[in-house]
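This report refers to the structure that appears directly beneath it.
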Amino acid sequence: MTIKLRSWFGLIRYTIHVPERDKDDSEKIHKGKMAAEDAINSAGDFFSSAEDIKEILGHIGAVHRIMKNFLRKVRLSKFECHTSIGAGDAALTAVLSGGILALQSWIIALLCMYVTCKIVPSYSVTSVFQKPAAGIVLSCIFQFRLGKAILAGIKLFRYWKSIHAESEKDSMQNFAADSNGQTF
């Protein structure tokens, strides 16, 4: 897979090549999943992980507010997404095409909900019934003021620093509570 990013009328270009995954990697992932399932078996681990999830959701909410304020200022002036999909089997290809079309529609609706759309997005899914195939062409132009992006970055950085300051404060209090009455 290749991802190409261009900015400033092609003056700044960046290409990312994503290599294919080996079967060895998928075996490692499967072994990692099995180890993760074994680690969450006890009830104490379950409740501590539930508290961690609650804390993470609180952080996600704060980051969401910062990003939502920034995205209100972003303008979408071009959006074209054309996908072609084929599985070799006509019935499976039809199901995949419908699913991809629904996913594209959902993503575009979500995008238009957060940014200011100057145009109506163009998207399509083409079914290739004869052979297995997959392809996507995505072309979009987002416009935003650099100062607004910097301001959002500063807000995210300040929020991240405040989280680390709280976690360091908590760890120091836990260390002080553990070391009371003990001599080293």
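Values quoted throughout were computed directly from the atomic coordinates according to the rules given, and no laboratory measurement underlies them. Bear in mind that the values here come from a model prediction, so they are computed numbers and not experimental data. Cβ placement follows ideal geometry from the backbone for every residue including glycine, while neighbour counts extend to all protein chains displayed.
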Pull out a ≥ b ≥ c, the square roots of the eigenvalues of the alpha-carbon gyration tensor of region 45-125, then state rounded if a/c is under 1.5, prolate if not and a/b is larger than b/c, and oblate in the remaining case. oblate
Set the bar at 30 Å for Cα to Cα. Now go through Lys54/Lys78; Lys4/Lys148; Lys4/Lys161; Lys4/Lys118; Lys73/Lys161 and name every pair that lies beyond it. Lys54/Lys78; Lys4/Lys161
How much length, in nm to one decimal, is gained on full extension between Ser77 and Tyr123, taken as 0.36 nm per residue of separation minus their Cα-Cα distance? 15.1 nm
Using modelled amide H (1.01 Å from N, peptide plane; none on Pro or chain starts), what sits under 5 Å from the amide H of Lys78, excluding residues fewer than 5 places away? Ile141
Would you mind ranking Glu80, Glu20, Glu55 so that the residue whose beta carbon has the fewest other beta carbons within 10 Å leads the list? Glu20, Glu55, Glu80
Using alpha carbon centers only, region 123-169 is separated from region 51-76 by a whole-angstrom value of 12 Å
